[in-house]
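*Asks:* The structure is given below, and queries will be raised subsequently.
The values are calculated or read from the model by the stated rules, or taken from the named source; none is laboratory data. Note that the structure is a prediction, hence the values are computed from the model and not measured. Backbone-built Cβ (ideal geometry, glycine too); neighbour counts: all protein chains shown. Heads up: the accessible areas ignore ligands, DNA and RNA and are worked out on the full protein's heavy atoms, side chains in. Shrake-Rupley method; radii C 1.70, N 1.55, O 1.52, S 1.80 Å.
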Amino acid sequence: MITTTDLTKVFRADGRETLALDGVDLHVRPGEVYGVVGTSGAGKSTLIRCVNLLERPSSGSVVVDGRELTALAPKQLREVRRSIGMVFQHFNLLARRTVQQNVELPLELTGLTRRQRAAKAAELLDLVGLGEKAGSYPSQLSGGQKQRVGIARALAGDPKVLLSDEATSALDPETTRSILELLRRLNQELGLTVLLITHEMDVIKSVCDSAALMRRGRVVESGTLSDLLATPGSELARALFPLGEASVEGTLVDITFQGDSAVQPFISQLARTYNVDINIIGAAVETIGGRQVGRMRVQLPGDFEDNVVPIGFLREQGLQVEIASGARVVEGAA
Ligand SMILES: Nc1ncnc2c1ncn2[C@@H]1O[C@H](COP(=O)(O)OP(=O)(O)OP(=O)(O)O)[C@@H](O)[C@H]1O
Ligand SMILES: [Mg+2]
């Protein structure tokens, strides 16, 4: 639904150049919720603004719903943009307009009659749970309600794609959750593809199907959450599912498994077969991207070299196994 290919963006200001995007390939499939994370200045906002050409890329291509946006004439681009909704961190509502009038705003240039616009706005406000606030002004709303208006406005053009730049970062945790639930519901009910930027792993964990990690203008990791969790050494996987610090002796091994598969019998079998003492340091099952994923950290006595065979055994059982301590040794060995 959204594909960027070798996207670059150079900003020139005060005689200095900033390479904000450095060859970004992003692929968002239709109907998925895709999250982009990364430290401040990594290029996340620039990327999302290039996706609807609010920012013109320096080079590379942006294809949304089958159309190459960089090739469109201004008039066509305006039309296509209407099918790409955008939600902002600070809501960007007009203070002197009512809630209803804010939602109607993007419809004013579309040739709909006043009555049709009002009907559409009312329908959208119902959809986001704000039907009763149509006549209120933004200053009379809570942050969460303002963001609901922002979302209703973004949906006015019946978009297939919704872009969201830190839509929940000005909100408290509970309100954040309700806005995320709304985005998820819209994704499911309307088949809306959502590309969102966040700096919170919890947001990724609770609503995203896929994620990308950006650093210095590049996408350094990306994929579906389950693929990421199954990727040894994935930074995103570690951030999504932290298992605490590795400070105990011996060799620490992290095992990742689908929530319903039992890992315990393998551990018992391993202990019996190789006569090793295995300590379970921690274990947890979480729902990530709507799927149950389990992780267990176990401690084996001795260095990595002493445990090559038991670790090989676990891998042979089809378990995903990562060495959490003694990693330097492992990298050399792997
Ligand atoms: N209009 C601009 N002019 C010059 N430099 C810019 C402009 N917009 C962004 N930049 C620079 O581009 C880089 C990427 O900025 P961007 O806003 O995309 O980062 P971000 O990942 O969204 O960060 P944050 O998490 O703080 O929002 C930064 O170094 C920033 O200073
Ligand atoms: Mg930003």
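*Asks:* Does region 174-182 contain at least one residue that is of a type in the set (S, T, N, Q), assigned to a loop (DSSP other than H, G, I, E, B), open to solvent by less than 20 Å² (accessible area, probe 1.4 Å) and more than 20 Å from GLU108 (Cα to Cα)?
*Replies:* Filtering region 174-182 for residues of a type in the set (S, T, N, Q) gives 175-176, 178.
Retained after the next criterion (residues that are assigned to a loop (DSSP other than H, G, I, E, B)): none.
For region 174-182, residues of a type in the set (S, T, N, Q), assigned to a loop (DSSP other than H, G, I, E, B), open to solvent by less than 20 Å² (accessible area, probe 1.4 Å) and more than 20 Å from GLU108 (Cα to Cα): absent.
*Asks:* Just a yes or no: is a residue in region 280-298 over 30 Å from ALA211 (Cα atoms), open to solvent by 20 Å² or more (accessible area, probe 1.4 Å) and not aliphatic (A, V, I, L, M)?
*Replies:* No: region 280-298 contains no residue that is over 30 Å from ALA211 (Cα atoms), open to solvent by 20 Å² or more (accessible area, probe 1.4 Å) and not aliphatic (A, V, I, L, M).
*Asks:* I'd like the full set of residues that are out of contact with any Ser or Thr (no Cβ under 8 Å at 6 or more places or on another chain) and either among the basic types (Lys, Arg) or more than 16 Å from ligand 1 (Cβ to nearest atom) (or both), limited to region 155-170. Talk me through it step by step, then tell me what you get.
*Replies:* As a first pass, look at region 155-170 and keep what is out of contact with any Ser or Thr (no Cβ under 8 Å at 6 or more places or on another chain): 155-156, 163-164, 167, 170.
Of everything in region 155-170, those that are out of contact with any Ser or Thr (no Cβ under 8 Å at 6 or more places or on another chain) and either among the basic types (Lys, Arg) or more than 16 Å from ligand 1 (Cβ to nearest atom) (or both) turn out to be LEU155, ALA156.
Residues are listed down the side, and each one gets a yes or a no for (1) surrounded by 13 or more Cβ atoms within 10 Å (Cβ to Cβ); (2) within 24 Å of ARG177 (Cα to Cα):
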| site | (1), (2) |
| --- | --- |
| VAL103 | yes, yes |
| LEU107 | yes, no |
| THR110 | yes, no |
| ARG114 | no, no |
| VAL128 | yes, yes |
| SER136 | yes, yes |
| GLN140 | no, yes |
| ARG153 | yes, yes |
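*Asks:* If you don't mind, another one. What residue, of ARG78, ARG96, is modelled with pLDDT of 95 or more and open to solvent by 70 Å² or more (accessible area, probe 1.4 Å)?
*Replies:* Working: ARG78 fails: modelled with pLDDT of 95 or more.
Only one candidate passes the filter, namely ARG96.
Quick grid of which residues meet (1) surrounded by 14 or more Cβ atoms within 10 Å (Cβ to Cβ); (2) more than 8 Å from ligand 1 (Cβ to nearest atom); (3) over 16 Å from ASP65 (Cα atoms):
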site	(1), (2), (3)
ILE2	yes, yes, no
ALA13	no, no, yes
HIS27	yes, yes, no
PRO30	no, yes, no
VAL33	yes, yes, no
VAL37	yes, yes, yes
THR46	yes, no, yes
VAL51	yes, yes, no
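*Asks:* Quick one: is THR70 within 16 Å of ligand 2 (Cβ to nearest atom), of a type outside the set (Gly, Ala, Ser), outside any loop (DSSP other than H, G, I, E, B) and assigned by TED's automatic domain parsing to the domain that holds LEU180? Please lay out each step first, then the result.
*Replies:* Numbers: within 16 Å of ligand 2 (Cβ to nearest atom): no; of a type outside the set (Gly, Ala, Ser): yes; outside any loop (DSSP other than H, G, I, E, B): yes; assigned by TED's automatic domain parsing to the domain that holds LEU180: yes.
So THR70 does not fit the description; no.
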